[in-house]
1. In segment 270-277, is there at least one residue being in contact (Cβ under 8 Å) with a residue 24 or more places away in the chain and of a type in the set (Phe, Trp, Tyr)?
2. Can you run down the residue pairs with Cβ atoms below 6 Å, 6 or more apart or on separate chains, where the first is in segment 315-343 and more than 15 Å from residue 50 (Cα to Cα) and outside the structural domain of residue 359 (by the TED database) and the partner is in a loop (DSSP other than H, G, I, E, B) and open to solvent by less than 10 Å² (accessible area, probe 1.4 Å)?
3. Please go through segment 284-297 and give me each residue that is closer than 18 Å to residue 263 by Cβ and open to solvent by 20 Å² or more (accessible area, probe 1.4 Å), ordered by number.
4. Whether any residue in segment 22-37 is of a type outside the set (A, V, I, L, M) and modelled with pLDDT of 80 or more is what I want to check.
5. Looking for something aromatic (Phe, Trp, Tyr), touching a helix residue (DSSP H, G or I) at 6+ places or on another chain (Cβ under 9 Å) and modelled with pLDDT under 90 - is there at least one such residue anywhere in segment 10-17?
6. Which of the residues spanning segment 159-185 are closer than 14 Å to residue 196 by Cβ and crowded, with 17+ Cβ neighbours inside 10 Å?
7. Determine whether residue 189 is at positive phi, of a type outside the set (S, T, N, Q) and at pLDDT 90 or above.
Amino acid sequence: MQVSSLNEVKIYSLSAGRSLPEWLSDRKKRALQKKDVDIRRRIELIQDFEMPTVSTKIKVSRDGQYIMAVGTYKPRVRCFDTYQLSQKFERCLDSEVVTFEILSDDYSKIVFLQCGRFVEFHSQHGHYYKTRIPKFGRDFSYHYPSCDLYFVGASSEVYRLNLEQGRFLNSLQTEASESNVCDINPVHFLFAMGTAEGKVECWDPRTRNRVGLLDCALSSVTADTEIEGLPSISALKFDGALNMAVGTSTGQVLLYDLRSSSPLIVKDHHYGLPIKSIQFQHQLDLIISADSRIIKMWNRDTGKMFTSMEPEHDINDVCLYPNSGMLMTANEAPKMNIYYIPALGPAPKWCSFLDNLTEELEENPESTVYDDYKFVTRKDLENLGLAHLIGSSLLRAYMHGFFMDIRLYHKAKMMANPFAYEEYRREKIRQKIEETRAQRVQLKKLPKVNKELALKLIEEEGEEQQFSKKRKQKNLPSLLKDDRFKVMFENPDFQVDEQSEEFRLLNPLVSKISEKRKRKLKMLEELEAQGQEEEEEPEGKASDAESSESSDDEKGWVEEVRKQRKLLRQEEKLKRQERLKEDQQTLLKPQFFEIKEGEEFRSFKDSAKKQKLMKKTLEDRLKLEEKLGTLNVSDTTVGSKQATFKLKKSEQQRKQQEAEKRHRQERKTLRRSASHLKSGRGRGRLFH
């Protein structure tokens, strides 16, 4: 049994697993079940619930006891008894069945519409009567009040065959060139037929007149849908007295109220495939619509998705077992699928054990995966060289990737990386060896980084563990096993430098603390051995003795620290002397410096001044700038200080400004001289 989940709705596939050939004997089947675990674990709800090649239609009798299915090859009908969980009978036919209808409550009256324009009637004992209709039929419906069969097909006429009189009646003349499907309302017996032009015609069987016409092709075109060509009607189903669902050949489902010409809701399957079947589920107000690729369950009021199923093979028909959560499909494969969805309803009476089985599975949840499929992304396909398979039947699109057959995946991986199996084998052998080594007596291995620190921690842990065992206390977590300090013993950057000044100054203190801790542990062990436990003085010594001991310890490590400092000073002196010798030996070479663009070199004094300014404090620099006039500090009305700065001008800017000033003065002098000359000439003329 295979379990899948979508929108938190569990779907149990009861027909998952391999099917055994019909020609195998019972003895060989039992032998295979003993050998193969998959065959032994599969659930065979109804024995031999399959067809030789393909199943086309599947229906349940009104009493719920019999399930009937038709298929090929050879054309046949099989009846399964649910009370016995096995096949009741099988009958072969002359031609393939287009559709069929069970007229009685059980299997005693059946009508088959066949490919060669034949209509065949079967009774309880077998074949009863056979007749032909003028044109090829595609669907038919039975009108119970008048015992009339209405046939639609490749003709503008609707043929009527009365089963009480045993003769054809006057046909209904329609405006359609061809009709694909038809249905009769179970409440008021209105006859509706879907045409190839995308229209639904409604007829009253009492008056044999057309009472309504719906243009579904126009209504199926919405802003979100993309339709190529004129959609025709491929499925039709009534629900109650007023509701009708229509499926189109372009993958839309339209829900109508018979009192309105516009649909209540339009649901698109987004596959562009003809709708094959429509079913109504009244407990949860769901519509179950199916095309050849997917079965969708959605809310009839809002259109919100409830769940969906995508079988491995193309779907031909869907049948919902009445008042239960069981769903059966006829598909392009020998095996007919059976699904159980607990959210839709309980299991049927004849297989009530399914409820207990699914409850046990939900109590012990397991990871639901596709055992026979491998999920791959587009990048994985490119690495395997299978990107050209995108869009083919070998890949099934799902979320951000694809599902592909696990056998094909292994073959492609072997071709892409032929040494992958050897690497996998080596890894498995290494894991096995490590498992066997773990069972042996393990020696404590020191890490590569900070070995001395790790050894010290291990020794301290051993002493503390012995002490905690005697006192029956919990052990503290180890630093070596703590993930927070893991990098300290793996990364070489965290290596403790024992020659550094900090380590040499702190080491005497750390060593003294560790010695003091060891002494305390020994004292506590001695006290416990003697049975003397004092709450106020747990160390077993007077406070005077303890203070004297601590003062002695402090004196000791202070002296060691002083010694280390003297050694460090001597080492620094030696280093300085070595540097001086090296400086004296080395010859000074001239150094050249590059001047930035826009700057001019004047002297080395400017650079010295800049360095002196940089060494001064901010206060001194501000005072100096105030003297030079580049800084202005003033008080505001609020009481805070306001400072304004003037940027120092470069030498080029200064020269440019001086040149501009000279130019302006020259122009002013020229203008003045010109004005004087003009005034002199005028005066001369007047006096002349």
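The values are calculated or read from the model by the stated rules, or taken from the named source; none is laboratory data. All values reported here derive from a predicted model rather than from experimental measurement. Quick reminder, even Gly has a Cβ in these numbers, built from the backbone with ideal geometry, and neighbours come from all protein chains shown. The accessibility values were calculated without ligands, DNA or RNA, using every heavy atom of the protein model including side chains. Shrake-Rupley method; radii C 1.70, N 1.55, O 1.52, S 1.80 Å.
1. Of the residues in segment 270-277, the ones in contact (Cβ under 8 Å) with a residue 24 or more places away in the chain are 272, 274-277.
From what is left, the residues that are of a type in the set (Phe, Trp, Tyr) are none.
Checking segment 270-277: not a single residue is in contact (Cβ under 8 Å) with a residue 24 or more places away in the chain and of a type in the set (Phe, Trp, Tyr).
2. none
3. 285, 296
4. Taking every residue of segment 22-37 in turn, none turns out to be of a type outside the set (A, V, I, L, M) and modelled with pLDDT of 80 or more.
5. Restricting attention to segment 10-17, the residues satisfying the condition of being aromatic (Phe, Trp, Tyr) are 12.
With the extra rule that they be touching a helix residue (DSSP H, G or I) at 6+ places or on another chain (Cβ under 9 Å), the set shrinks to 12.
When the remaining residues are screened for being modelled with pLDDT under 90, the result is 12.
Yes, there is a match, as at least one residue in segment 10-17 is aromatic (Phe, Trp, Tyr), touching a helix residue (DSSP H, G or I) at 6+ places or on another chain (Cβ under 9 Å) and modelled with pLDDT under 90.
6. Within segment 159-185, 174, 176, 178, 179, 180, 181, 182 meet the criteria.
7. yes
Residues checked against (1) under 21 Å from residue 140 (Cα atoms); (2) of a type in the set (Lys, Arg):
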| residue | (1), (2) |
| --- | --- |
| 237 | yes, yes |
| 240 | yes, no |
| 262 | no, no |
| 272 | no, no |
| 287 | no, no |
| 295 | no, no |
